[in-house]
Structure formats: structure tokens, C-alpha cells
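Notes follow once the structure below has been shown.
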Amino acid sequence: MATTIFLVNPREGGVTPPSYLLDTYSAAAAYSLRQLKTGVTSVVRVRRSSDNREENFTATEITDGTLTGFCGGGDGFVVEWIDQSGSGNTITQSTASNQPRLVSSGVVQLMPSSGNSRNGISWGLVGTQQLTLGSALTELNNGNDFSIFSVASGTNGSVQCIMNTRTNNSANNRVSILTGHAASGALAQIHNGTTGTNVTIGSNLSTGGYVYSHHVDGTAKSMDAYYNGNGAYTNTWTGIYSNLDLGVGLDRGFTWEIGVIAEIIIFGTDESANRTAIESDINGYYSIY
């Protein structure tokens, strides 16, 4: 006698698991306080000021009171911003006085102009606070195509460095991604040798949060810059630049750090065709524009 087997769809009536940005796009490095990829657990490691104890936290634990419960009424400083790409490019800071702040007097820091009051890491002391990889991110080597998306805000009348490919105190041979809250309106820089060029918007941005997008074409030696979907502002250069290490929240001169950074995603590819979709996902979470 034949046996009839009925197959039951396990998803029937179930809940579809959430899909995250990096489930669709493969990044070289990704730092955020929200979850960007399926399977990611901890997104940040925090040191509390009361006794210097450190713990890892998930994106949910940052918003559900777990992080503030850990910090009590004190401050919480970032020891590690964990790479969610799966590539192991976590950026760190072991010196307590150089660690940016995530919790201030028991309150998690927020991104300005975020319609959903999203969290961000505060770089509040010029010249000291920085997170570094301590080695080159090879995707950012001279001659390569790469794309960088970030969410940040700055302080009026100043420039904030979001990331830099040279963390020592030299002005030469680097790529810098900046906020533009000074008269220069700088959105990015490529420096080679003792010279360099800026991508600028020609005037100040406000002090609110922005979604920034940058694409470097290593063959054409050009950089396109966008903010809140506006652009493209383009510069070109000659010569070569170096990629010695990766720093977040600092400039090569250890200045320009005041502001808040919520997210940095680095692709070792030209994501121009996907730029609008990636920006839409980012803005859908932060509600900046």
C-alpha cells in the first residue's frame, strides 16, 4: 500500500526573519550601533567609568536599558567598535583617555536631527579621541575602487574627521572623509605627497546629522561625494597616496574630532549603482532627510 507524505511549510503562519543591509551588500568593514547583518551579536564593547569594567553589547542592549544599567549614572566609553562585515576589522582604543563616549551620565548619546532618536558615538575632545585598526584596510589601497557610507554630525564652525587612512601625525599621503561644518565645506580629501585636493560643497552644512556617500575611482583618480542624496561633488588628483592604517574620529593632525558618528560602512567596490538603495536603507533607520 502506497504511503502518502504531506510536507508542511515551516514558515506557514510564522514570522519572516528580518533582512539586514549587509545581507544584500558585502562590505569590507562595517561599524554601527544598529545590527547590519544576520548572525551579528555584539556591536560594541564599552568600559564604564565607575570601575573600568568592560562588556560587549548587542544593538538591542544599547536601546533596551541593558547598557545604561551597566553604566549606572556614570559614563560609558567605547573600547571596541566591532566590525559587522565578518572580515574581522574591529577598531579599538586601549587608552582610556582616548576612548570616545557612548553613555554620558547614564544617558546614551544621540544623533542630532535623527527623527527616531538614534544613538551615536560622541567624539567630544579635540586631539585625543580615536579608534584605530592599526593596519591598512587593503580595499582602500591606491588604485582601487572603493565606496564609503557614513552617518555623522559635527560642531558649528569646525570640521570633523569621520575616518582617515593615516593615523600618525603626518599631513601627507592619505584619504580623509570629513563632515563639512566650516567655511571650507570639505566633504573629503585625497592627499598625495605634500599636496592634496578637497571635495567641497562651497558653504557650511548645518550641525545636524547627515548621511554621507563617497566613491573613489582608483583608475580615473576621481572621488564623488554626496550628502543626504545630494551631489555629486567631484574632485580629481594626480600621483599616489598611501594607506598605512585606518583611524576613525581623528585627522592626521589629531584635530577635528568634535561631533557624533553613528555608522561607517566601507566597500572595496564601486557601489555607485547601489548608492541610492544603500542610502535609502540608512536613512530609513536614521530618518535624517
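Please treat every number below as a calculation from the coordinates, not as lab data. Keep in mind it's a predicted model, so treat the numbers as computed, not measured. As a convention, Cβ positions derive from the backbone with ideal geometry for all residues, glycine included, and neighbour counts pool all protein chains shown.
Backbone amide hydrogens, once placed in the peptide plane, bring residue 211 within less than 5 Å of 228, excluding anything fewer than 5 places away on its chain. The peptide list 191-199, 83-91, 260-268, 115-123, put in order of mean Cβ contacts within 10 Å with the highest first, becomes 260-268, 115-123, 83-91, 191-199.
Backbone amide hydrogens, once placed in the peptide plane, bring residue 85 within less than 5 Å of 30, excluding anything fewer than 5 places away on its chain. Roughly how many Å is it from the Cα centre of region 267-282 to that of region 220-234, as a whole number? Result: 12 Å between the Cα centres. With both labels modelled 7 Å from their Cα along Cα-to-Cβ, the residue 105 to residue 23 distance reads 4.0 nm. FRET efficiency for the pair residue 236 and residue 96, taken as 1/(1 + (r/R0)^6) with r the Cβ-Cβ distance and R0 = 45 Å, rounds to 0.60.
Along region 234-239 the Karplus relation, 6.51 cos²θ - 1.76 cosθ + 1.60 evaluated at θ = phi - 60°, assigns HN-Hα couplings of 10, 10, 10, 8, 10, x Hz to successive residues, with x for each Gly and Pro.
Under the classification rounded if a/c is under 1.5, otherwise prolate if a/b is larger than b/c and oblate if not, where does region 71-122 fall, given a ≥ b ≥ c as square roots of the Cα gyration tensor eigenvalues? Walk me through the intermediate numbers first.
Details: a/c = 2.45, a/b = 1.21, b/c = 2.03.
Here region 71-122 falls in the oblate category.
The amide H of residue 50, built 1.01 Å from its N in the peptide plane, has 75 as neighbours under 5 Å, considering only residues 5 or more places off or on other chains.
Computed from backbone phi, the HN-Hα couplings of region 68-83 come to 5, x, 5, 7, x, x, x, 9, x, 10, 7, 8, 9, 9, 7, 6 Hz, rounded to whole numbers (Karplus: 6.51 cos²θ - 1.76 cosθ + 1.60, θ = phi - 60°; Gly and Pro given as x).
The distance between label points at residue 50 and residue 116 comes to 3.0 nm (points 7 Å beyond Cα on the Cα→Cβ vector). Remark: region 32-38, residue by residue, has Karplus-estimated 3J(HN,Hα) of 7, 9, 9, 6, 10, 8, 4 Hz, where x stands for each Gly or Pro and the curve is 6.51 cos²θ - 1.76 cosθ + 1.60 at θ = phi - 60°.
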